[in-house]
Amino acid sequence: MLLPVRQITVRGNERLSAAQVRELAGIAPEFGWLYYGSWRARGLLASPWVQSAVVTRRFPDQVEIQVTERKPVAIWKRPDAKTVMVATDGTALPQTGAPLSLPVIQGWGPARLTDALTVMRALGRYNVKSVMYSPSGLKVNFAAGSVWSGDVQALLKYAGSISMYPDKNLNIYPWG
């Protein structure tokens, strides 16, 4: 075997085990590096947990796999009644371990997951509990109070109003 791999180091993994990362990368001990191509490494990106990965060969016989995993930021109650965790980029993540205490996104009508995640990210400092969407707009609920707007841009532009009126239910309209 030419250039055998004898030591494989996995870094950055939290949800996936080192064995799962090695399997996704298609690397096993005593594997010949000359037969390893980028097409095998693409298997890492097949996992919804893996946001990015770098596979590096350290001569003479080591391989390091550095992964960046997606982190769940919300629980999405999908229109098909299934509940999934989602990452910042909207990727649905498989449920693992104990349920997390995350904001809930739900609604009806056309799916507005991207809008809900954008608003949730922008208003994160206000301790978002849930985001409800409908064809008429988005309602963000906090520990105390809420804010609604029919226009995402208006909501983001006037979000500072939340701190001026704590514990209130605000409606933000794009026309004033």
What does the charge count around Val119 come to, taking other residues whose C-beta lies under 14 Å from its C-beta (Lys +1, Arg +1, Asp -1, Glu -1)?
+4
Can you tell me the 0 to 90 degree angle between the C-alpha axis of helix 113-122 and the longest principal axis of the chain, rounded to 10?
80
Before I look further, what does the chain give for accessible area per residue, probe 1.4 Å, in whole square angstrom?
57
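Of the peptides 81-94, 43-56, 129-142, how do they stack up when ordered by the mean number of other Cβ atoms within 10 Å, highest first?
On the way: 81-94: 14.5, 43-56: 16.6, 129-142: 18.5.
So the order, starting with the most tightly packed, is 129-142, 43-56, 81-94.
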Restricting to Cα pairs below 8 Å that are 6+ residues apart, what does the relative contact order work out to for the chain? Please round to a whole percent.
13
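Counting Lys and Arg as +1 and Asp and Glu as -1, each charge on the Cβ, what is the dipole of the chain about the Cα centre in debye, to the nearest 20?
Working: 20 positive and 11 negative charges, 24 e Å.
For this selection, approximately 120 debye.
How much net charge surrounds Glu14 when only the other residues with a Cβ under 14 Å from the Cβ of Glu14 are counted, with Lys and Arg +1 and Asp and Glu -1? Numbers along the way, then the final one.
Working: positive: Arg11, Arg15, Arg70, Lys71; negative: Glu69.
That sum, taken over residues with Cβ under 14 Å, equals +3.
Peptides 167-173, 147-153: what's the order by average Cβ count within 10 Å, highest mean first? Write down the numbers at each step before the final one.
Values: 167-173: 13.4, 147-153: 17.7.
My ranking of the peptides, most packed first, is 147-153, 167-173.
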What does the charge add up to near Gln106, with Lys and Arg as +1, Asp and Glu as -1, over the other residues with Cβ less than 14 Å from its Cβ?
+4
Just to be sure I understand the curve: with the Debye formula and one point per C-alpha of the chain, what is log10 I(q)/I(0) at q = 0.12, 0.14, 0.15, 0.18 Å⁻¹?
-0.67, -0.78, -0.84, -1.03
Tell me the mean residue ellipticity at 222 nm calculated for the chain from its helices only (DSSP H runs of n ≥ 4, each -39500 (n - 2.57), averaged over every residue, nearest 500).
-4500 deg cm²/dmol
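Stick to the Cα atoms of the stretch 86-127, pair each with every other, and give me the Kirkwood hydrodynamic radius in Å at one decimal.
Values: mean 1/r = 0.0853 Å⁻¹.
By the Kirkwood definition, the hydrodynamic radius is 11.7 Å.
The values are calculated or read from the model by the stated rules, or taken from the named source; none is laboratory data. In this text, all values refer to a predicted model and were calculated from it rather than measured experimentally. Note that we place each Cβ from the backbone using ideal geometry, even for glycine, and neighbour counts take in every protein chain shown. All accessible areas refer to the heavy atoms of the entire protein, side chains included, with ligands and DNA or RNA removed. Shrake-Rupley method; radii C 1.70, N 1.55, O 1.52, S 1.80 Å.
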